[in-house]
Amino acid sequence: MTTTSRPPSALGVHREATTVRPLGLWRLEWLRLTRTRRWIGLAVPFLFFACTGPLLARYADELLSAVGTAGNITVQATAPTPADAMDGYTGNALQLGLLAALVLAAAALTVNARPTLAVFYRTRVPSAARLVLPRWTVVTGAAVAAHSAGTALAVYETGILIGLPDIPAVLTGWALSSLYLVFALAVTAAVATCARGTLSAVAVALAVVLALPVLAAIPALEPWVPSALAGAPAALLQGADTGDYLRAALVAVLATGAALLLAVRGVARREL
Amino acid sequence: MSVRTPLAASLVHRPAVDPGHPWAISTAGLTRSYPGGAGVHGVDLLVPRGSVYGIVGPNGAGKTTLLSIVTGLRRADAGSVTTAVPVERIAVCPDVPDLEPWLTAAEAVDLARSLSAPHLPAARVLEALSHAGLGDAAYRRVGGFSRGMRQRVGLAAALVTDPEILVLDEPTSALDPAGRAGMLDLIAGMAGDRTVILSTHILADVERVADTIGVLRDGRLLYQGATADLLADHARPGWTVRLRDGQDRARTALEDQPWVTRVTSPARGVLHVDVTSADSAETGLVPALAACGARIVAIEPHTADLETAFLSLTTTRENP
């Protein structure tokens, strides 16, 4: 066999390192996240708003007073609560953080956008699921991890500045909003595997995610629409019942499964 | 032809596999039509086991479509593909592979190994890279590689899995002359050990390494068989005429001869004369040149080459 014969000495192998750390599809996705520094783009929105949310809530009165005393107007904020501080985090992080996660997911999952790269994978990976699931899982895991870190930081800072929020409500809100991230990124996967480019995948996935609150405007649909989960962290801290979100969570779980099936089929269906 | 279950949707259209098949790959009436008549039409490809099979044809002849169907990346409208080995034993190497730029060459090749042949030892990665001439760049990131280097990484990624069938699309298109010679030596050395299907428009490459050839035009297979037979059957007789002066007069005089099919001038004082038959030229060439007053330095017959045979085949034969 030609490949096992000793190579010509003029083309000799590296003498310092003669082994290669095995690389599979899961480690490939981890490297995609870390070597390209994409994880920074994902972590920054969550951690930034985890820092600024409680700070703004705590010092809102001082800030408004500084602005409002310029004329005859006096602006007075209500006393900050832990719920306000946590809302300052989730309200912003779940928008910009989701956008960052969506871009990363679309970039990883537009498998067929680069045809010659797609040839490399498609002629070597036996099933579409093996190609799609590591890409989706690693990005989604990283997004949930960033949200978890952001939530923990926001709770810590809120505890120092204002007082500890209701921890069971925070945890429930974190779980429901994480489920929303999982759902949104599954939708992105379904769109990206059928799209011809990352930009169009981001645009379409964003349009789908933004269309959900419009659906929620219909009273009969509101409790079923997964976008309700994004508002759960704040609402639960203000006394909402967990049961109000069970239907949206159920739809999110089912839709996630369906979207991943679509993603797998989308990759396999496209010809190169 | 393909496996379609929701969770294990296959990424390729799997051809029929027959381990006892006399051919490495064969197709029967393979058809895939695109608007405007492009595609392939009724192609019966027969690739002998252990051969280096060159697929040649002008741009748009259907080479890429044919190889995409054979390797399962596209589906056929009609016809069938049969291979002697499963698709996992077929390696495909695009002309200039697109690789993840943040991987090192060794990682890219190991990824290919772990996906296609995880049972093979990782030590093969460095061997394959060395074989492809990239031993010293194994730990450099692919993003900084030239086109030629990426082409070598692609070849190493194909070789590392020890494929029984290797499909190469324009394997020398990005290489310098030394690299091209090395690549052709590598391909020629594979003959007998594995089957190589080589798609290219560089006819000299095919002539040098391919023992079997298929000529495509407009999606139809015009010729398929031994390269030597094509050269013998389709090479037009011709002569090279070297003149001290009178080149223009000689060219005009020769073009007026009914047995001359084409006159070209590759250099000052040199004419290439293609003729309908050797007999006519042997009796008429010198008198025609003498009659126009051209001063002859030398006259020698052409060596038959694939380019001549290819042009003869693709410009004279009507599509079936």
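Computed values, structure above
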| read-out | value |
| --- | --- |
| Residue list for the stretch A:244-272, filter: facing chain B (nearest Cβ under 10 Å), under 18 Å from A:T140 (Cβ atoms) and either open to solvent by 50 Å² or more (accessible area, probe 1.4 Å) or among the β-branched types (V, I, T) (or both) | A:L261, A:L262, A:V264, A:V267 |
| Filter result for B:R180 (within 18 Å of B:V92 (Cβ to Cβ), open to solvent by 10 Å² or more (accessible area, probe 1.4 Å) and either of a type in the set (S, T, Y) or assigned to a helix (DSSP H, G or I) (or both)) | no |
| Residue, surrounded by the most Cβ atoms within 10 Å (Cβ to Cβ), within the stretch A:130-147, restricted to residues that are in contact with a Phe, Trp or Tyr (Cβ under 7 Å, 6 or more places away or on another chain) and within 19 Å of A:A234 (Cα to Cα) | A:H147 |
| Positions within the stretch B:110-133 being of a type in the set (A, V, I, L, M, F, W, C) and within 8 Å of chain A (Cβ to nearest Cβ), in sequence order | B:L111, B:A112, B:L115, B:A122, B:A123, B:V125, B:L126, B:A128, B:L129 |
| Selected residue [open to solvent by less than 20 Å² (accessible area, probe 1.4 Å) and either hydroxyl-bearing (S, T, Y) or at positive phi (or both)] from A:T123, A:T110 | A:T110 |
| The one condition in (1) at pLDDT below 90; (2) on the phi > 0 side of the Ramachandran plot; (3) within 14 Å of chain A (Cβ to nearest Cβ) that B:G39 fails to fulfil | (1) |
| Pick from the stretch B:50-99, criterion within 12 Å of chain A (Cβ to nearest Cβ) and among the basic types (K, R), ranking: surrounded by the fewest Cβ atoms within 10 Å (Cβ to Cβ) | B:R75 |
| A:L131 more than 14 Å from A:V187 (Cα to Cα), facing another protein chain (nearest Cβ under 10 Å) and assigned to a helix (DSSP H, G or I) | yes |
| Considering residues of the stretch B:183-228 that are of a type outside the set (A, V, I, L, M, F, W, C) and touching an Asp or Glu at 6+ places or on another chain (Cβ under 7 Å) only, the residue most open to solvent (accessible area, probe 1.4 Å) | B:E207 |
| The stretch B:133-177: number of residues that are touching a residue at least 40 places away in the same chain (Cβ under 8 Å) and either outside any helix (DSSP H, G or I) or open to solvent by less than 10 Å² (accessible area, probe 1.4 Å) (or both) | 26 |
| Residue match in the stretch B:219-240 (condition: over 30 Å from B:G60 (Cβ atoms) and modelled with pLDDT of 85 or more) | yes |
| Those residues of the stretch B:105-125 which are outside any loop (DSSP other than H, G, I, E, B) and either open to solvent by 10 Å² or more (accessible area, probe 1.4 Å) or among the hydroxyl-bearing types (S, T, Y) (or both), in sequence order | B:E107, B:R113, B:S114, B:L115, B:S116, B:A123, B:R124 |
| The stretch B:90-104: number of residues that are in contact with a strand residue (DSSP E or B) (Cβ under 8 Å, 6 or more places away or on another chain), over 21 Å from A:R37 (Cβ atoms) and outside any strand (DSSP E or B) | 2 |
| The stretch A:15-48 - residue that is over 21 Å from A:A105 (Cα atoms) and open to solvent by less than 70 Å² (accessible area, probe 1.4 Å) and, of those, modelled with the lowest pLDDT | A:A17 |
| Single residue of B:A157, B:A138 found to be out of contact with any Phe, Trp or Tyr (no Cβ under 9 Å at 6 or more places or on another chain), of a type in the set (G, A, S) and closer than 13 Å to B:E107 by Cα | B:A138 |
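Residue by residue, here is whether (1) within 12 Å of chain A (Cβ to nearest Cβ); (2) in contact with a helix residue (DSSP H, G or I) (Cβ under 8 Å, 6 or more places away or on another chain) holds:
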| position | (1), (2) |
| --- | --- |
| B:Y139 | yes, yes |
| B:L168 | no, yes |
| B:A181 | no, no |
| B:M190 | yes, yes |
| B:L198 | no, yes |
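The values are calculated or read from the model by the stated rules, or taken from the named source; none is laboratory data. Keep in mind that this is a model prediction, so the values were computed, not measured. All Cβ positions, even for glycine, are placed from backbone atoms using ideal geometry, and neighbour counts span all protein chains on display. Accessible surface areas use protein heavy atoms only, side chains included; no ligands, DNA or RNA. Shrake-Rupley method; radii C 1.70, N 1.55, O 1.52, S 1.80 Å.
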